[in-house]
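To start, the structure itself, in structure tokens.
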Amino acid sequence: MKRSVRQTTKTKPIILSSDSETEPINVSSDDDYYVPEKTTSKGASKKKKTSVKSDNLTTKNNKRKGSTLSSPAKRKRITTECESKDVIPKSATIDDTKELKAPKKVQSKSKEKKTQSVNTENVKQVLEDINRFDAIECKEWTDIDYVSEKNNITKHVAENVVKLFNDDNTIPFIARYRRNLTGGLEPDELRAVKESLDRAKAIKQRAQTILKNIDKLGQWTPNIHAAIVSAKHLDDLEHVYSLFKPTSKRTLAERAREIGLEPLSNLVLQGQALPSLSSIIDPSKDGLKTEQQILDGIKHIIADVINKDKTVFDKVKELQNECIIQIQTAECKTSSKSSDTKEKDMHRKYEMYYNFSSSTKYIKPHQILAINRGEAQKILTVKVILPDFFERGFKSHCYRQYRAAMSVSKLHSELLNGSIDYTYIKFIKPLVVRRARSEMKQKAETASIEVFVTNVKQLLLTPPVRGKIILGIDPGFSHGCKLAVISEQGDVLETGVIYPHKKVEESTKVLVNLVNKHKSTILALGNATACRETEMFINKLIKSGGFGSLDVSYTIVDEAGASIYSCSSEAKSEFPNLDTNLISAVSIARRLQDPLAELVKVEPKHLGVGMYQHDLPEKQMSTALNEVVSEAVSFVGVDVNTASQCLLKRVAGLNISRANNIIEWRIEFGPFKNRQQLMDVKGIGSKVFEQCAGFIRILPETSMSDSSEKRKTVKKSKHMYNLLDQTWIHPESYKIAEKFLAYCNCNIENLGTTEFIEKIKSHAEAGYATLAERFGTNETTVEVIVKGLSMKKDEDIRLKTRSPLFRKSMFSMKDLEIGALLTGAIRNVTHFGAFVDIGVGRDGLIPMKWMKNSTVSIGQRVEVKVLTVDIERSRINLELINTL
């Protein structure tokens, strides 16, 4: 049963917003909005008398619930109280037309007395104030509104993208095959849209939960409902909820209400005369023992009313957005001055923040994360300073709001002034400080995740080193350097262990024999412990001609996460008879040969290319990283007949169970002959097929079964090959692609040849719009078809980026000279600069101010100039000269 719409003539003392018990309720039939049910008692429509006894200040009415969070109401009730102690006054009611009804006479037991005349002008002024507060509109919003606002896109595009995501479409699929609906949004932009959509849904869900909880407490009002459903931030929701949810410790305002001081505070807010406070003193009750305690109690109630006023809440947010808030940090006085080297190094990291000051609007994300970490480690103290403008603005708003009541008497003015000051110090200022810190933290975490995601994507798209036999080296001291030679296909040929830091001659012999035996001209050296010393050993061998006529070179490979993978169950199943330490050497070699296929085996958070990633929210970071891995794998494409489970599960639309089912089908029926056969795999329906089909490749070389094993047969129609299956053209567009091929007079059998590609490009010069109109489709589909047919055989989008940096010699930090020009490769990119491997065993930093507004990516080669060298702290500052 829905809450009934009702009106009553019940009178109450003047309040700053109408009460839900006597206010008409608009019943919503929309299931998305929670409106609590409430029954009306039979006597609800009867008139009740309200009286205030001056001796104990208790009322016969039920205690008023809710808050002063205001919304429009159809009817307002105002009651005036008389100052006479001998007469119990009758209420005067004023409706929306502001017509003042004459007060009735009250008959006492002894004699009849006239009620004191009502101050009509004062009542009208209060009424105007109430009407002004109640004029606040509830600005409800939709997911589309939120997404459009947060991502600065049109509502039409936002509506399309929200619908695509709600229909369980993946980012890779939307980015490649639905660009016509998204206005050409890139994957990174789509990811931001998805995050904002998830955030909008979380806010809506939390709002509904809070509404239900507030209703269970019996404090639901339309005003509170309006405030909650219009909130666009979780912090705002939690703030509103905090005003009502029960706590183990009662607030000072609650205690004051319990001893009967609320009617007095209402008189103050209404601008009514107060009874003598001395007559209220009760030496036996805490809070009523002295006049000062009574005054304090009144102030606490009024401060609570101001704090819960939606107009005040909105004004505080407005002022916060307008003012400049400063954040200052200093060295923690209680921080221990340990003589331990590690402790000293930790303190030195935060030296620049010992006397740091910045505006919350201009502080950098990495600075926020560093300050938060320093504060958590009790090395830094943080202070948020609000400008005087903020305090003046808040108090001016409150003075305007209560000017009528403040002008009644000096006591009224003192009480309201004190209440406003108390509200600012105890509620508003701490709220804004918390909110500022929270917003800065959220901003920094979002920016840091964006950096991590970008770096992981660039790392995954590192060009593979194909057709080479590679020797991987996992450096170490006590356990030696683990060696693993892999073939051109990634198979392990031979393994070994050397101790170049103890047994130089023996180690030289083993390494040289392995290189010459397998003709391995490329060495992949892990960058962990003993990397520097092992690099020196290899460098001496190359310079002395130890490898004979072979032209051997080496490159440093980031082995972050390799040790974690080598101990995983997946590694043990792949290499059941291989020592765990040797598996890491195999992984290092494969990371150079095919980075994408190897790196997907490691959880993205362990890849070590982020910024303060260990301080970030686990779930948010994990979701973003998994999506970018799926994006990279999908855009590169996967050969369904050779891909591992790790690779398949990352394809858009697939997961672990579906990947395992594909592999099982492959074992049972043999290689896939066409994409359509994916529909026969358990767990892959039309929707999943739509999402993954364009990213799955069926290559002729791997789809021809040469196994003599007897396998289950499939229908003959399923044996049909389709050469379009080796392109990124989606099956939904095959008919249009075939029409385009006929238009170009091309034979699909010649796919990938130079003549074929030239014909396609020649006919594409007519323009995508013209071709789209000709074939009855959209420009996005035509573009995908043209690009898919224009790719060379075995073309890889990763080959368009920079190849790894190979070295044949090295030098140390001591050899660096100020002003020297060097070449290197970008290893990590952050908001404060980029780290470059210049071959000295320690990456140098190009600070943002020396980046010259250039954008660099992981793996990119650059030319840099040495600015400073700090050998003690192992720091090198560089200036970007050129990108190579």
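The values are calculated or read from the model by the stated rules, or taken from the named source; none is laboratory data. Given the structure is predicted, the values throughout are model-derived calculations rather than measurements. Please note: Cβ atoms are built from the backbone with ideal geometry, for glycine as well, and neighbour counts cover all protein chains shown. What goes into the accessible areas is simple: the full protein's heavy atoms, side chains included, and nothing from ligands, DNA or RNA. Shrake-Rupley method; radii C 1.70, N 1.55, O 1.52, S 1.80 Å.
Observations, loosely collected:
- Looking only at the stretch 741-763, and only at residues there that are of a type in the set (A, V, I, L, M) and out of contact with any Asp or Glu (no Cβ under 9 Å at 6 or more places or on another chain), the one that is farthest from D794 (Cα to Cα): A742
- Long-range neighbours under 7 Å by Cβ, at least six apart or interchain, first residue at positive phi within the stretch 349-378, second surrounded by 13 or more Cβ atoms within 10 Å (Cβ to Cβ) and of a type in the set (S, T, Y): K378/S335
- Verdict on A530 being in contact with a strand residue (DSSP E or B) (Cβ under 6 Å, 6 or more places away or on another chain), buried (at least 19 other Cβ atoms within 10 Å of the Cβ) and under 26 Å from K517 (Cα atoms): no
- Taking the stretch 823-884 and the strands (runs of 3 or more DSSP E) fully enclosed by it, the elements with 3 or more residues that are surrounded by fewer than 17 Cβ atoms within 10 Å (Cβ to Cβ) are at 861-870, 875-883.
- Residues of the stretch 372-384 satisfying the condition of being surrounded by fewer than 14 Cβ atoms within 10 Å (Cβ to Cβ) and over 25 Å from the mean Cα position of the chain (by Cα): K378, K383
- Within the stretch 222-238, the set of residues being open to solvent by less than 20 Å² (accessible area, probe 1.4 Å) and either within 24 Å of the chain's Cα centre (by Cα) or β-branched (V, I, T) (or both) comprises I224, I228, V229, A231, D236, L237.
- Applying the criterion of being outside any loop (DSSP other than H, G, I, E, B) and open to solvent by 90 Å² or more (accessible area, probe 1.4 Å) to the residues of the stretch 771-814, the residue that is modelled with the lowest pLDDT is K800.
- Residue list for the stretch 599-652, restricted to those being under 26 Å from K787 (Cα atoms), of a type in the set (A, V, I, L, M) and assigned to a helix (DSSP H, G or I): V628, V629, A632, V633, V636, L647, L648
- Residues being modelled with pLDDT of 85 or more and on the phi > 0 side of the Ramachandran plot - total across the stretch 529-547: 1
- A562 vs. criteria open to solvent by less than 10 Å² (accessible area, probe 1.4 Å) and either of a type in the set (G, A, S) or more than 36 Å from the chain's Cα centre (by Cα) (or both): yes
- Looking only at the stretch 505-527, and only at residues there that are among the β-branched types (V, I, T) and crowded, with 19+ Cβ neighbours inside 10 Å, the one that is nearest to G548 (Cα to Cα): V515
- Only listed residue being open to solvent by 70 Å² or more (accessible area, probe 1.4 Å) and either in contact (Cβ under 8 Å) with a residue 40 or more places away in the chain or closer than 30 Å to V451 by Cβ (or both), chosen from K333, K310, K289, K285: K333
- Of everything in the stretch 638-693 that is under 29 Å from the mean Cα position of the chain (by Cα) and farther than 27 Å from E603 by Cβ, the residue that is surrounded by the fewest Cβ atoms within 10 Å (Cβ to Cβ) is K687.
- Among the conditions (1) touching a residue at least 60 places away in the same chain (Cβ under 8 Å); (2) of a type outside the set (F, W, Y); (3) open to solvent by less than 30 Å² (accessible area, probe 1.4 Å), the only one that R590 does not satisfy is (3).
- Check on C398, modelled with pLDDT of 90 or more, over 24 Å from R875 (Cα atoms), among the hydrophobic types (A, V, I, L, M, F, W, C) and open to solvent by less than 60 Å² (accessible area, probe 1.4 Å): yes
- Any hit, the stretch 618-633, residues being among the aliphatic types (A, V, I, L, M) and open to solvent by 10 Å² or more (accessible area, probe 1.4 Å): no
- Residue in the stretch 405-425 that is among the basic types (K, R) and closer than 23 Å to K310 by Cα present: no
The rows are residues; the columns are (1) among the acidic types (D, E); (2) open to solvent by 10 Å² or more (accessible area, probe 1.4 Å); (3) modelled with pLDDT of 85 or more; (4) assigned to a loop (DSSP other than H, G, I, E, B).
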residue: Q442; (1), (2), (3), (4): no, yes, yes, no
residue: E445; (1), (2), (3), (4): yes, yes, yes, no
residue: S448; (1), (2), (3), (4): no, no, yes, no
residue: F452; (1), (2), (3), (4): no, no, yes, no
residue: R466; (1), (2), (3), (4): no, yes, no, yes
residue: G472; (1), (2), (3), (4): no, no, yes, no
residue: V485; (1), (2), (3), (4): no, no, yes, no
residue: G490; (1), (2), (3), (4): no, no, yes, yes
residue: L493; (1), (2), (3), (4): no, yes, yes, no
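- The set of residues in the stretch 520-545 being assigned to a strand (DSSP E or B) and of a type in the set (A, V, I, L, M, F, W, C) consists of I522, L523, A524, L525.
- In this entry, N180 passes the filter for residues that are open to solvent by 20 Å² or more (accessible area, probe 1.4 Å) and touching a residue at least 60 places away in the same chain (Cβ under 8 Å).
- The condition of being in contact (Cβ under 8 Å) with a residue 24 or more places away in the chain, open to solvent by 40 Å² or more (accessible area, probe 1.4 Å) and assigned to a loop (DSSP other than H, G, I, E, B) holds for Y721.
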